[in-house]
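Just below is one structure, and these are the notes that go with it.
The values are calculated or read from the model by the stated rules, or taken from the named source; none is laboratory data. Note that the coordinates shown come from a computational prediction; the quantities given were computed from them, not determined experimentally. Cβ placement follows ideal geometry from the backbone for every residue including glycine, while neighbour counts extend to all protein chains displayed. These area figures cover heavy atoms from the full protein model, side chains too; ligands, DNA and RNA do not enter into them. Shrake-Rupley method; radii C 1.70, N 1.55, O 1.52, S 1.80 Å.
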Amino acid sequence: MALTVAADAFKQFDRLSFVVRRPARAGLGGEHRSRRPSPSTEFVDYRPYQPGDDFRRVDWNVYGRLGSLQVKVTEGRQRLEVVVLLDCSSSMDAGTPDKLSFAADVVAALAYIGMARADSVRVLCLGKDTPSANFGPFGRRSRMPELVAGLKRIAPVGAVDLNAAIDTCLDAASRQTLVVVVSDLLTRDGIAGGLEALQARLADVVVVHVVSPDELEPRLSGEVELVDAETNGVLELGVSLETLAAYRARLAAWLEERASECRIRGIRYARVRTDRPLNMVVLDDLRQSGVLR
Amino acid sequence: MTFLAPVALVALAVPLAIYVIHWLFGSRRRVRVPAIFLWAELPQARTGRSRRRRPPFNLLLLLQLVAATLAALALARPVASSDPPRHLALVLDASGSMQATDVAPTRFDAARARAFDRLRGLRSTDLVSVIRAGGDATLLASGSPDSVRSAIAAAQPGRTSPAIREALALASSQIGQTGERRGQIVLLTDGAWPPPEPVGPLSAPVDVVAVGGGSENQAVSSLVVRMDPTGRGQTAFVEIANSAEHAVRVPTRLSADGAPLDERQVDIAARARARLSVPLPVDAHRISVRLLGHDALQLDDVLETTAPGGPPRDVDLLGRFSDGMRRAIESIPSLRVRAADSGLPPDLTVLVGVLPPRLPSGPLLLVDPPASSGRLLGVGLGSGARVQASHPLLQGLDLVALENESPSVSGVPGWAHVVLGTLQGPLIMEGRLEGHPAVAMTFDPSVTGLEKSIAFPLLVSNATAYLLTQSESVATAKLEVFDPAESDIAPRPIPSFQSVVPLSSPTNGATDVWPWFVTAVVLVLGAEWLVFGRRG
């Protein structure tokens, strides 16, 4: 049910890459700078020769001009480990188009961008206890169809405790990864607990908040029975203009809480609407939010 | 498709009621939202106006309406007809016993109602023949079910035994004329008739619908009044029959000329008869006996007759009458020979040796009529050789006295029945000659000396009494005479009637489809349960 965009539609994102705040550590061969000096063609600086240095790295031109032995310092390029966490709770199965399908499109686009930069990309679908689906790691664009096929099969799994799911989805060895959380964040108390658990693993966290126009501007009137998509709880309500105004005010406050929840922790936050075209979301919204460049 | 119980279609109001209930108190619109905590404790609309909005046609409501509609249609017993049109022959037993009131209001009305019931199960393309089985079989109407209703409503029971055999034969011939239709004969009867003679194979099966069944009835089965031999009084001989299965005591009243004369309680054993004789004054004329108790059939509780007594009747003697003849007439106390030129019509005319072209009014006693008269021309030489010993004309008569008489005619005229005859021809005949009750003695009693025997005045007395009785019954001749056999209203075993086509069930040819409707209701309710379960 998820994923509505064809795989070849992502070519327009070839030039994009993730903005990272920490050096990549997923191994050599990538395109991201590494904190480790290593033999490569990427010149960084000179330093005086010290005993034990490789004579092949001495710059003899500098010695001829200055009379001192200087060694060329080069920097290695490493791959970035990108983990995309997709919220598969039933609350994502709402709106037109539904948020889960839209979020799958966004996840596929982010994965494509990562694979285009030779990053290691994993996609985890947040489930009740363990990830309901796990794709990757993918390192090359040639594996994009495999990811697309997997995303097409995902389905809502019911009620999901986001904080617990985020906390348990990453294994203990995962460190200094870029974690992108794609979710509607619909929990009463926010996902601060989950975000702090990620930061405890030194992860670079990005939150992509998916909202539906039906949530922002609900078209309700009269006597209704509201049924919670996750818990099936029922709330009987007589909807009036006053009710809708109060709802909109509450929603705006709730959205601001989620944004500030990220900001105060140094987490990049991007809010995307499902009625926006995917290319505008990726090329505009995510770039303006500092997720991509 | 037709409905066998169209009254049940009123249940179609149930789906409407369901919709109205949804409208008035209907379910709220269910809306699925990502999370309801954002909606909790918001200010709500307080107006009740929104509760009266038209309910949305959601799947659950639609399934409920479909299930209720199908159930209502199933109650109306829909039938699908695929067979050829039918020809139904309704035979209504119109015998006297059908007037019994052991079934309210009468057996005949109950049979009429059952006939209407049968019409309701027919289609407009079916054909119905209505046959009345009274004294004879009569085709009352034939046509569509609606067109024969008036004929059934107008049919009335008679007073005779039913001509069941003739009615079945008529019904069979009617159905036989429409061979392309599936025929059936429905005999609506109380069964109070003896088995008829075999009818032979009928062209359609016979379905006997029985009405009534009791036997609680008493009847005045016979009433005869005779003049005492002294000529100074009369005696009424009454016979009362009890057809009930138990003994009864019946209050009985005998009246003469409208005045009660005798009233008594008569005890009668079960299915037995009681006879009693009541002395009457010599001038009593109209005698009636009435049972005062209550039974199922009131038609036979009264019987009336005319007594030979009463004021003297005027007799004209015409022709070559002898002194013996005159003395015989004058010896009868109730007769008075008058002058021939009287202007008033006589009560009885005796024609001796003559037969004028214009017959006098009233009954005629013909003595030795001229054999050359065309009125006496008969056919069948020797066909009059018979004796009806029980005939009133021969009652108490010694026939030896007539053995020497020779008839003046050889054949039997068309208007007459032979009461006593020889191989040479009829001696005594009776009948209705040009509308006149007539008794003919085809011999001359003065020739053989019969006039001087004791038998002659008795013969004359019998003849005059018979003629006067016949004359007074002319006024009531047009009425159907009650058949005493109809007083036994208990049903008899009804024989089976052979048919060339086997009897089929009443609904044969009309397939019941209500089981399909019920199955559909169950399926729809199951679907509704599934939908409701999935929605939670």
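Quick look at the numbers
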| quantity | calculated |
| --- | --- |
| Spherically averaged projected area of the range B:142-255 from its Cα convex hull (nm²) | 12.2 nm² |
| The range A:53-183 - charge dipole about Cα centre, Lys and Arg +1 at Cβ, Asp and Glu -1, debye rounded to 20 | 660 debye |
| Per-selection metrics, chain A (Cα): Rg and Dmax in Å | 23.1, 90 |
| Dipole moment magnitude, nearest 20 debye, the protein assembly as shown about Cα centre, only Lys, Arg, Asp, Glu C-beta charged | 5800 debye |
| Environment charge of B:Glu197, counting only residues whose C-beta is closer than 13 Å and scoring Lys/Arg +1, Asp/Glu -1 | 0 |
| Other protein chain Cβ atoms within 10 Å, averaged over every residue that makes up A:210-220 | 2 |
| Number of partner chain Cβ atoms within 10 Å, mean per residue of B:60-70 | 0 |
| Solution diffusion estimate, µm²/s, Stokes-Einstein, the range B:216-269, Kirkwood Rh from C-alpha pairs, 4 °C, viscosity 1.567 mPa s | 102 µm²/s |
| Pairwise label distance in nanometres, A:Ser221 with B:Arg232, each label 7 Å out on the Cα-Cβ vector | 11.8 nm |
| For the protein assembly as shown, share of DSSP beta bridges that run antiparallel, in % to the nearest 5 | 55 percent |
| Crossing angle, helix A:99-116 versus chain A [Cα axis fit, 0-90 degrees, rounded to tens] | 10 degrees |
| Net charge of Cβ neighbours under 11 Å - reference B:Arg253; Lys, Arg +1; Asp, Glu -1 | -1 |
| Reach of A:Lys128 by Cα under 23 Å, taken over lysines that are not fewer than 8 positions away in the same chain | A:Lys99, A:Lys152 |
| Debye, to nearest 20: dipole size of chain B, +1 on Lys, Arg Cβ, -1 on Asp, Glu Cβ | 4340 debye |
| Computed FRET value (nearest 0.05) for A:Ser68 with A:Arg21, which takes r as the C-beta separation and R₀ as 41 Å | 0.65 |
| Kirkwood Rh and Cα Rg combined as Rg/Rh, the range A:190-293 | 1.05 |
| Overall dimensions of the protein assembly as shown as given by Cα atoms, namely Rg and Dmax in Å | 59.6, 205 |
| Phi to ³J(HN,Hα) by Karplus 6.51 cos²θ - 1.76 cosθ + 1.60 over the range A:214-223, Hz, x for Gly, Pro | 5, 6, 6, 10, x, 9, 10, 7, x, 7 |
| Accessible area (Å², 1.4 Å probe, nearest 10) - B:Val128 | 0 Å² |
| Between helix B:164-176 and chain B: long-axis angle, C-alpha atoms, 0 to 90°, nearest 10 | 50 degrees |
| Portion, in percent, of the accessible area of the protein assembly as shown that falls on carbon or sulfur, probe 1.4 Å | 55 percent |
| Rounded to the nearest 10 Å², the accessible area of B:Glu180 at probe 1.4 Å | 130 Å² |
| Sequence ranges B:248-257, B:3-12, ranked by mean other-Cβ count within 10 angstrom, highest first | B:248-257, B:3-12 |
| Between helix B:13-25 and chain B: long-axis angle, C-alpha atoms, 0 to 90°, nearest 10 | 30 degrees |
| Calculated FRET efficiency for the pair B:Ala113/B:Asp146, C-beta based, R₀ 22 Å, to 0.05 | 0.85 |
| For the pair B and A, total buried accessible area rounded to nearest 100 Å², probe 1.4 Å | 2900 Å² |
| In nm, spacing of pseudo-spin labels at B:Leu423 and B:Leu523 (7 Å Cα→C-beta vector) | 9.1 nm |
| Average beta-carbon neighbours from other chains, 10 Å sphere, peptide A:236-248 | 4 |
| Residue among B:Pro357, B:Pro162, B:Gly411 farthest towards the positive dipole end of chain B, charges placed on Cβ | B:Pro162 |
| With all protein chains modelled, accessible area of B:His417 [1.4 Å, Å²] | 110 Å² |
| Between the range A:135-207 and the range B:170-186, the Cα center-to-center distance that results, in Å | 88 Å |
| Value of relative contact order over chain B, rounded to a whole percent, pairs C-alpha under 8 Å and six or more apart | 16 percent |
| Accessible surface, 1.4 Å probe, highest first, among residues A:Ser89, B:Ser410, B:Ser288, B:Ser372 | B:Ser372, B:Ser410, B:Ser288, A:Ser89 |
| Förster radius 41 Å - calculated FRET efficiency between B:Gln177 and B:Arg492 (Cβ-Cβ, nearest 0.05) | 0.85 |
| Estimated Rh, chain B: Kirkwood, alpha-carbon pairs, angstrom | 30.0 Å |
| Rounded Å value of the spacing that divides the Cα centres of the range B:267-284 and the range B:450-464 | 29 Å |
| Surface per residue (accessible, 1.4 Å probe) for the range B:182-309, Å² | 45 Å² |
| For the range A:102-211, with +1 on Lys and Arg beta carbons and -1 on Asp and Glu, the positive-most of A:Ala118, A:Leu202, A:Ser142 along the dipole | A:Ser142 |
